[in-house]
Amino acid sequence: MAEYLNLDILTPDGRVNLRSTEDEASSENTAIEVEGVELPAALGEMGVRPRHLPFLTPVVPGVVRFRFGGQDRRMAVGRGFLEVSKDGTVTILTERAVRSWEVDTDAISSERDEVEEALQEFRTAPIDDARSMKLKARRAWLDAQLRAAQA
């Protein structure tokens, strides 16, 4: 018998609807049961499976992957935190999240090119230059969206 985790992704705008697909909208917006989840943590990609020890860790911009309803799902997430609780609930608190099919790859690619061009001005800037750091954070978010959109 398969074991499951309850997955929930929350942003400042509210709970992300993980049940909807590109072809079918769902009005039910609750945590979903998944066999596992892969996500971008501060020290690299990590996976969480049922009976994982409880913990809390930072999340960096990247792609969250899981399987629901017989389909592989991908989402871009921004910075935030992951909590795995004793009861098998995986909660990702993130500043933003976008489902893979919602990504406009042409617009994101164009914006990424603009950010790269702007970063060229800061090649010799100190590592803690606020403008450079803001552009790098923007680039990381754009990259996450592009990776999520890849099949």
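The values are calculated or read from the model by the stated rules, or taken from the named source; none is laboratory data. If you're wondering where the values come from, they're calculated on a predicted model, not measured in any experiment. Using ideal geometry, Cβ is built from the backbone for each residue, glycine included, and neighbour counts are taken over all protein chains shown.
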Item to complete: Kindly establish whether Val60 is over 22 Å from Arg139 (Cβ atoms), hydrophobic (A, V, I, L, M, F, W, C) and not assigned by TED's automatic domain parsing to the domain that holds Ala137.
Response: no
Item to complete: Identify the residue in region 3-57 that is over 30 Å from Arg138 (Cβ atoms) and among the basic types (Lys, Arg) and, among all such residues, is surrounded by the fewest Cβ atoms within 10 Å (Cβ to Cβ).
Response: Arg51
Discussion item. I'd like to check something: does region 127-142 contain any residue that is surrounded by 19 or more Cβ atoms within 10 Å (Cβ to Cβ) and of a type outside the set (A, V, I, L, M)?
Written reply: yes
Worksheet item: Asp23 passes all but one of (1) of a type in the set (D, E, K, R); (2) within 19 Å of Leu10 (Cα to Cα); (3) at pLDDT below 95; which number fails?
Response: (2)
Worksheet entry | region 62-82, subset over 16 Å from Glu38 (Cβ atoms) and touching a strand residue (DSSP E or B) at 6+ places or on another chain (Cβ under 8 Å), residue surrounded by the fewest Cβ atoms within 10 Å (Cβ to Cβ) | Phe81
Response to the item:
Of Ala42, Ala137, the only residue that is over 22 Å from Leu18 (Cα atoms), in contact (Cβ under 8 Å) with a residue 40 or more places away in the chain and either among the aliphatic types (A, V, I, L, M) or assigned by TED's automatic domain parsing to the domain that holds Ile9 (or both) is Ala137
Worksheet item: For the subset of region 83-108 comprising residues that are among the charged types (D, E, K, R) and touching an Asp or Glu at 6+ places or on another chain (Cβ under 9 Å), which member is surrounded by the fewest Cβ atoms within 10 Å (Cβ to Cβ)?
Response: Glu102
Worksheet, complete the sentence: Among (1) of a type in the set (Asp, Glu); (2) touching a Lys or Arg at 6+ places or on another chain (Cβ under 7 Å); (3) at pLDDT below 95, Glu33 falls short only on (2)
